[in-house]
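Have a look at the structure below, then the notes.
Each value in this text was obtained by applying a stated rule to the coordinates, not by laboratory testing. The structure displayed is predicted, hence computed values, not measured ones. We place every Cβ from the backbone using ideal geometry, glycine too, and count neighbours over all the protein chains shown.
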Amino acid sequence: MAHEDEGERTAEPSDGTVVRAVLQGDVEQYAVLVRRYRDRYARYATRVLGSVDAAEDAVQDALIRAFDQLAQCREPENFAGWFFLILRNRCFAERRRDRRIDDIETVPEPQAPEVSQTRLEQVERSRALQRALLHLTPEQREVFVLKHVEELSYDEIAARVGTGVPALKMRMHRAYDRLRDLLQETR
Amino acid sequence: MNETFDPQVKQVLDGERASSELPPSLRAEGEAARRLLAAVDRSEVALSPHLDTRVMAVVRRHAASPRYRAWRWLTAPSVPPWVVGALAAAAIALVLIRSVPDGAPVVAVPAPAAPESVYVKFVLFAADARRVALAGTFNRWDPATTPLTRAGAPGVWTVTVALPVGQHQYAFVVDGQQWIPDPAAPSIDDGFGRKNSVVSVSAGQGRIL
């Protein structure tokens, strides 16, 4: 029993507890959510947008937007899922802008002279794939990132983005074909 | 030129079939699929350590703004829902009055669509628009899902949607490019320097809007 009490004292507050505290006026509690979620979807945003800088802007905007709209978070315990949708919308809006693909940063070039030839080839293949991803539609790119970068199942992706598994698979399979074409063109 | 992966190879890419199960005729294609997945970069991404500070600075500024305080007051549990509903209804009714030319009929909307949702009619006067759509929290801000149609009077665009009880933010999208808030509804900052309109739908409010 004593052990459980100690656990309760040291346990981090749940998302729902923090959301309710912020809504009741304790604005500083929002920093807990910022710490908790600032990095969780950073990789997703980076791969979808093609740049760490763009991802950082998107995560920052999404966190601010989530605060402004916190009263609309109907399931405070599911803040993570709700925040992901806000970030997702922000990433899609970014991709719809007239943004030159050439300007987008991709995987950085290795600089160290001791990097092996095998590693160089791996990096070059990753760069080529990242460039090819940017030629997919935002929806195709997202499903590829969620499945193969975030390593989610189709069922998990469906729950996260609210699209059925058959539609996601169709998107994905078109993405595979398009990527195959694009990667062959770059050889 | 457009080469496509065989469906069996796509199953390998999806992780639903082992590459060793591919027939010999598809081995080369299977190898191409393996190379594709081997190129996926799953390295972690580190954002700036100053991001937290920047976010909280904006959050504190927003929290101190009179608009946010007013919004919090309106959405606080101690404020009866009908206050918010009445304000939003008055605002949208004002749009109808402002937008519809003299003598044009204002059509009453039928009763609630479902126990937890209410039909809401959105109206915009946009004389020069070629198309108008509605985007909001209720359709994931996707303008493609909710287009407005021309009403009887020139320049008047309308759409009626069933909204769940609760508060919703929205904006009109004119000609696919211009996002504008409802001129007569309450609005809040969307965090990107633009305004979103706000509508509050309460149970039993099935007549207007």
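Points to keep in mind about this one:
- Each label point was placed 7 Å from the Cα along the Cα-to-Cβ direction; for B:Asp6 and A:Ala167 their separation is 3.2 nm.
- For A:Gln184 and B:Ala153, a Förster radius of 41 Å and the Cβ-Cβ distance give a FRET efficiency of 0.15, rounded to the nearest 0.05.
- Ordering A:Leu183, A:His173, A:His148 by the projection of their Cα atoms onto the charge dipole of region A:116-187, which places +1 on the Cβ of Lys and Arg and -1 on the Cβ of Asp and Glu, puts A:Leu183 at the extreme positive end.
- Highest mean packing comes first when the peptides A:79-91, B:45-57 are listed by Cβ atoms within 10 Å, giving A:79-91, B:45-57.
- Three semi-axes of the equivalent ellipsoid, region A:116-187, Cα gyration tensor, whole Å, largest first: 25, 14, 8
- Counts of other chain beta carbons within 10 angstrom of each beta carbon in peptide B:32-39 average 5.
- Amide H to amide H distances under 5 Å link B:Val132 with B:Leu148, B:Asp175, where only residues 5 or more positions off or on other chains count and H is placed in the peptide plane.
- Stretching the chain fully between B:Arg17 and B:Arg194 yields a gain of 58.9 nm (0.36 nm per residue, less the alpha carbon separation).
- FRET efficiency, B:Arg34 to A:Glu156 (Cβ-Cβ, R0 25 Å, nearest 0.05): 0.60
- With a simple spin-label model that places each label point 7 Å from the Cα along the Cα-to-Cβ direction, the separation between B:Gln177 and B:Arg130 comes to 0.9 nm.
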